[in-house]
Amino acid sequence: METKTVNILIKIILILLGVSFLFPLYWMINLSFKTKSEVYDNPFGLPHQFNFTNYFDALEKFNFLRYFTNSIIYSVSTIVITVLIGSMFAYCISRMTWKFKGFALSYIALGLIIPVQVVIIPILTMTKAIGLKGTHLGLILPYAAFSLSSCVLMFYAFFRNLPMELEEAACIDGCNIYQTFFRIMFPVIKPAIATQCALIFMNIYNEFFLAFILGADDKIRPLTVGLLNFFVSIGVSHWGQIGAAMIITSLPTIIVYLIGNEQIENALTAGAILK
Amino acid sequence: MSQFAHVRIMTSGGPGDASRTVIYQLYYKAFSASNYGQGCAIAILFVIECIIITVFINKFVARKK
């Protein structure tokens, strides 16, 4: 009897939590269909009529396509760089013996402790000095560098569990070290690569701080910063358009999640068993 | 710990400086007041703080094991 009431209580709490998570989403969708005055007259209820003018206005003022391409450029190139370099490095420290192997591993692990925000000033001065400020590369390189540490550690854990016989067989069949890596090892760690792709994509797509400071130029802004700028430029008067812009911005992520939610969930739980 | 975006969007650190996080203070010092040295000092203090907390957590978890 007692466990039953506890169960019901837990269920009620969980439902309340779920509603509190979903409510902003509902509100956002709701806002996007309301006209300027209706937002104030009727803030919580359903709109009287569904009109899509907000979306057209928002698309006109909010340069969605440019910001979206920027976001995609950042995430895809970061994924490519990080996975390529990270897997090679992880292979190096897990399978080869060289003098500073342990040092290299702990150096990479240091990247997990230091947050991006702390080194923002050196990064800014460095990108300025090299002349990368205002280009896409100036954002991709820091992104890749900061995704690298978790990526390397995960690949390292993966490589360690692989049997040595794989490489021995490759060696006997006459592969050199690059062929061994790209033909044998790379396909074997495909699940880890997929996980990393999902993780890095989510991180970079939602990243705000670096983009906010380094992406001052309108041409290289990703979606997150673009949305903030739209928000500031339109003021707090026209909530309908803001809601529409937010819906447009979050649609790609929602679609990606609907397509690959299994992969993403696997990615998130894989991080827990890293060590 | 390193929360920034929510503070920036919701309150810009206000009212006054009541809702600033460490990172927002860093941003404010370095970019709004263009005082890079002070910003770097905040950054270093923040790293030290993070390392201390990490060590504490590690010890705590290790003891549990």
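Between A:L210, A:L166, A:L22, where does the largest GNM mean-square fluctuation fall for chain A, given springs only between Cα atoms within less than 10 Å?
A:L22
GNM, chain A, Cα, under 10 Å: largest mean-square fluctuation among A:V76, A:V116, A:V232?
Most flexible of the set in this elastic network: A:V232.
So, counting K/R as plus one and D/E as minus one, what does the shell of residues with Cβ under 14 Å around A:S87 add up to?
Cβ neighbours under 14 Å give a net charge of +4.
Do any of A:K128/B:K59; A:K101/A:K190; A:K133/B:K29; A:K34/A:K219; A:K34/A:K61; A:K219/B:K29 go past 29 Å between their Cα atoms, and which?
Going by Cα-Cα distance, A:K128/B:K59; A:K34/A:K219 fall outside the 29 Å limit.
For the residue pair A:A104 and B:S34, what label-to-label distance in nm results when each label sits 7 Å from Cα along the Cα-to-beta-carbon direction?
4.3 nm
Which residue, A:L132, A:L228, A:L14, has the most motion in a Gaussian network model of chain A that connects Cα atoms within less than 10 Å?
Judging by the Gaussian network model, the answer is A:L14.
Could you work out [θ]222 nm for chain A from helices alone, using -39500 (n - 2.57) per DSSP H run of at least four and dividing by all its residues? Round to the nearest 500 deg cm²/dmol.
Rounded to the nearest 500, the figure is -24500 deg cm²/dmol.
Net charge around A:H238, counting only other residues with Cβ within less than 9 Å of its Cβ (Lys, Arg = +1; Asp, Glu = -1)? Spell out each step's value before the answer.
Working: positive: A:K36; negative: A:D57.
So the environment of A:H238 carries a net charge of 0.
Between A:Q179 and A:L112, what is the label-point separation in nm under the 7 Å Cα-to-beta-carbon projection?
Spacing of the two 7 Å Cα→Cβ label points: 3.6 nm.
Local charge sum around A:L46 (other residues, Cβ-Cβ under 15 Å, Lys/Arg +1, Asp/Glu -1)?
Overall, the nearby charge balance is -1.
How much length is gained on full extension from A:F52 to A:V6, taking 0.36 nm per residue of separation minus their Cα-Cα distance?
12.0 nm
Fewest first, what order do A:F186, A:F50 take by the number of other Cβ atoms within 10 Å?
Working: A:F186 16, A:F50 9.
If I rank by nearby Cβ atoms, fewest first, I get A:F50, A:F186.
Quick note: the coordinates plus some simple rules give every number you see, no bench work behind them. Treat the numbers as computed from the prediction; the structure is a model and nothing was measured. Glycine also receives a Cβ, built like all others from the backbone with ideal geometry; neighbour counts cover every protein chain displayed.
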